[in-house]
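Written out below as structure tokens is the structure these notes cover.
The values are calculated or read from the model by the stated rules, or taken from the named source; none is laboratory data. All of these numbers come straight from a predicted model, not from anything done at the bench. As a convention, Cβ positions derive from the backbone with ideal geometry for all residues, glycine included, and neighbour counts pool all protein chains shown.
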Amino acid sequence: MPETVAVQPFSARIVKRLSVGAASRRERVIHSLDGLEDPVHPESLATIGADLWQRLQEQVPDGLGAVDYLLGLDAGGILPTVSLSAAAHLPYKIAWKLHLPLDGAVRFSEPHAMRTDVFAYGITPGQRMVLVDDEITTGRTLADLTCRLREVGAVPLAAVCLVEDTTRGARDLLTGLGLPLVALTTIEGPA
């Protein structure tokens, strides 16, 4: 008989980073999907993707329309993008910190990272996408990505994250750009 695995509720918290560079943030959001503290069961990945998809449909029902694909941000955004893709039956792409000679390149900035340049490839006018990351603090990375995508005629429809830091103004910044933000959970980061 197959074993039933109890899926724990999603959780997140902020920890102080050790050994940080001058441009890096002094803290890190860790969560139950990153595998840092506990192993992640495949059922958790599926459950979180389904929860994200349900919240996205509930919170942006009229603003989605037809989505061409999900655009996840490298590193932390990969797992939520893959889990959301499976739940929504949507294809995905990942933006990487790799500058490559590929068509449709859109360069944007992740200002709090050591390597700030990020690239999305194969971007063409009219493509409709949902942006996905694991955590959003200031919202500056997704705001810059949204502006760069719009400059080339692509249509970012919404941003989805696992964890939103509610103390740094990300939601207001993205809302001001007309980009709804959907979060699985919120956390209050250091002020």
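Please state which of the following conditions Asp172 fails to meet, knowing it meets all the rest: (1) farther than 24 Å from Pro42 by Cα; (2) surrounded by 14 or more Cβ atoms within 10 Å (Cβ to Cβ); (3) out of contact with any helix residue (DSSP H, G or I) (no Cβ under 8 Å at 6 or more places or on another chain); (4) of a type outside the set (Val, Ile, Thr).
The failed condition is (2).
Scan the stretch 72-81 and tell me whether some residue there is over 30 Å from Gly21 (Cβ atoms) and hydrophobic (A, V, I, L, M, F, W, C). It would help to see each step written out before you state the result.
From the stretch 72-81, those over 30 Å from Gly21 (Cβ atoms) are none; that's our starting set.
The answer is no; no qualifying residue exists.
Go through Leu45, Leu70 for me and flag whichever is crowded, with 16+ Cβ neighbours inside 10 Å, modelled with pLDDT of 90 or more and not in a helix (DSSP H, G or I). Step through it out loud before you land on a result.
Values: Leu45 fails: not in a helix (DSSP H, G or I).
Within the list Leu45, Leu70, the selection yields Leu70.
Give the stretch 167-191 a look and list any residue that's outside any loop (DSSP other than H, G, I, E, B), touching a strand residue (DSSP E or B) at 6+ places or on another chain (Cβ under 8 Å) and touching a residue at least 24 places away in the same chain (Cβ under 8 Å), or say none.
Filtering the stretch 167-191 down to residues outside any loop (DSSP other than H, G, I, E, B) leaves 170-176, 181-187.
Still in the running and touching a strand residue (DSSP E or B) at 6+ places or on another chain (Cβ under 8 Å): 170-171, 174-175, 181-187.
Those that are outside any loop (DSSP other than H, G, I, E, B), touching a strand residue (DSSP E or B) at 6+ places or on another chain (Cβ under 8 Å) and touching a residue at least 24 places away in the same chain (Cβ under 8 Å): Ala170, Arg171, Leu174, Leu181, Val182, Ala183, Leu184, Thr185, Ile187.
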